[in-house]
Every structure is written in structure tokens, then in C-alpha cells.
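Everything on this sheet refers to the single structure shown next.
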Amino acid sequence: PRQPAKTLWYDRPRYVYLEFCVEDSTDVKVVIEDQRLVFSCKNADGVEFFNEINLYARVNSKDSREKRSDRSITCFMRKWKEKVAWPRITKENIKPAWLSVDFDNWRDWEGDEEVERAMVEQYAEV
């Protein structure tokens, strides 16, 4: 039986970020389409995780990546319309139980582009 991974998200001027909280993940698959993201993996115990998100707005699937760590898999997707805030990550105005805002990373955009660029570059180096 598959179950959804606990997922955190936050919004930035150019990218929207999703973090799937699965420790020691294997068989990670991330498919990013223009308006949909599909994520799947297994954890160390062999539990299968699966999340499908119809995205609030369009992203540039070619300029989107993911990065795996021991604790989670982070995806960042380039917004098609930059500097337009996303009030939510899902197309539907319902919040799945497994999805929450990452308040540690959620902050005002004022003067934030430098910070964001540094983050993206840091991911790109991995």
C-alpha cells in the first residue's frame, strides 16, 4: 500500500519549493510537468510513498530539479510567471492532510532575490 509522504512547500519570487520528508529514500522518481508533479520513492523499511500534485500555476519543467538528502527530497520548480506569488501549491483549493507550509523558509520577498539565487546555485552544485 502506497502512502503520501509528508510534504512541505514554500514560495519564492522565481521558484516554488517542495520538500518530501522521507528518510533514507531509495528508488526516487520525480516527474515535473507544466502543471503537475508526481513523486514516488521507498524508505528504508520498504514503505512506498506516492504524491501527485496538480500545481496551482504553470512551471517551466525544463528548469526544475530535485535534490535528495538523507532526510528528504527537495524539488524546486521555476515559475512560468515570475514574481507572482502562489497563495497555495495545489490547483484545487483544498489542503491535503500531508501538505503544509514550510514556515522556516517562508518569508517576505523584499530583497529576497539574492538569497534565492544563492540557494539555487547551491542546489545546482550538488
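The values are calculated or read from the model by the stated rules, or taken from the named source; none is laboratory data. Keep in mind the model is a prediction, meaning the values are calculated, not measured. Neighbour counts are summed over all protein chains in view; Cβ atoms, including those assigned to glycine, are modelled from backbone coordinates with ideal geometry. Note: areas computed on protein heavy atoms with side chains; ligands, DNA, RNA excluded. Shrake-Rupley method; radii C 1.70, N 1.55, O 1.52, S 1.80 Å.
Does P1 satisfy being modelled with pLDDT under 95 and within 26 Å of D104 (Cβ to Cβ)?
Values: modelled with pLDDT under 95: yes; within 26 Å of D104 (Cβ to Cβ): no.
Criteria not met by P1.
Let me confirm something: among A44, A97, A118, which residue is within 16 Å of D11 (Cα to Cα) and small (G, A, S)? Let's see the steps before the verdict.
Details: A44 fails: within 16 Å of D11 (Cα to Cα); A97 fails: within 16 Å of D11 (Cα to Cα).
That would be A118, the only listed residue that is within 16 Å of D11 (Cα to Cα) and small (G, A, S).
Could you say which residue among K91, K95, K42 is in contact with a strand residue (DSSP E or B) (Cβ under 7 Å, 6 or more places away or on another chain), charged (D, E, K, R), within 20 Å of R2 (Cα to Cα) and open to solvent by 60 Å² or more (accessible area, probe 1.4 Å)?
On the way: K91 fails: within 20 Å of R2 (Cα to Cα); K95 fails: in contact with a strand residue (DSSP E or B) (Cβ under 7 Å, 6 or more places away or on another chain).
The unique qualifying residue is K42.
Which of the residues belonging to the stretch 1-39 are open to solvent by 10 Å² or more (accessible area, probe 1.4 Å), assigned to a strand (DSSP E or B) and touching a Lys or Arg at 6+ places or on another chain (Cβ under 8 Å)?
Y15, C21, T26, D27, V28, V38
Tell me which residues, restricted to the stretch 98-121, are assigned to a loop (DSSP other than H, G, I, E, B), open to solvent by less than 90 Å² (accessible area, probe 1.4 Å) and without any contact (Cβ under 8 Å) to a residue 24 or more places away in the chain.
Pass one, the stretch 98-121, residues assigned to a loop (DSSP other than H, G, I, E, B): 98, 102-112.
After this cut, where a residue has to be open to solvent by less than 90 Å² (accessible area, probe 1.4 Å) as well, the list is 98, 102, 105, 109, 111-112.
Within the stretch 98-121, just G111 meets the criteria.
Keeping to the stretch 40-73, report how many residues are part of a loop (DSSP other than H, G, I, E, B), hydrophobic (A, V, I, L, M, F, W, C) and closer than 20 Å to A85 by Cβ.
1
Looking only at the stretch 64-81, count every residue that is open to solvent by less than 70 Å² (accessible area, probe 1.4 Å) and charged (D, E, K, R) and tell me the total. Explain how you work it out, then say what you get.
Restricting attention to the stretch 64-81, the residues satisfying the condition of being open to solvent by less than 70 Å² (accessible area, probe 1.4 Å) are 64, 67, 69, 72-79.
Checking which are charged (D, E, K, R) leaves us with 67, 78-79.
Count: 3.
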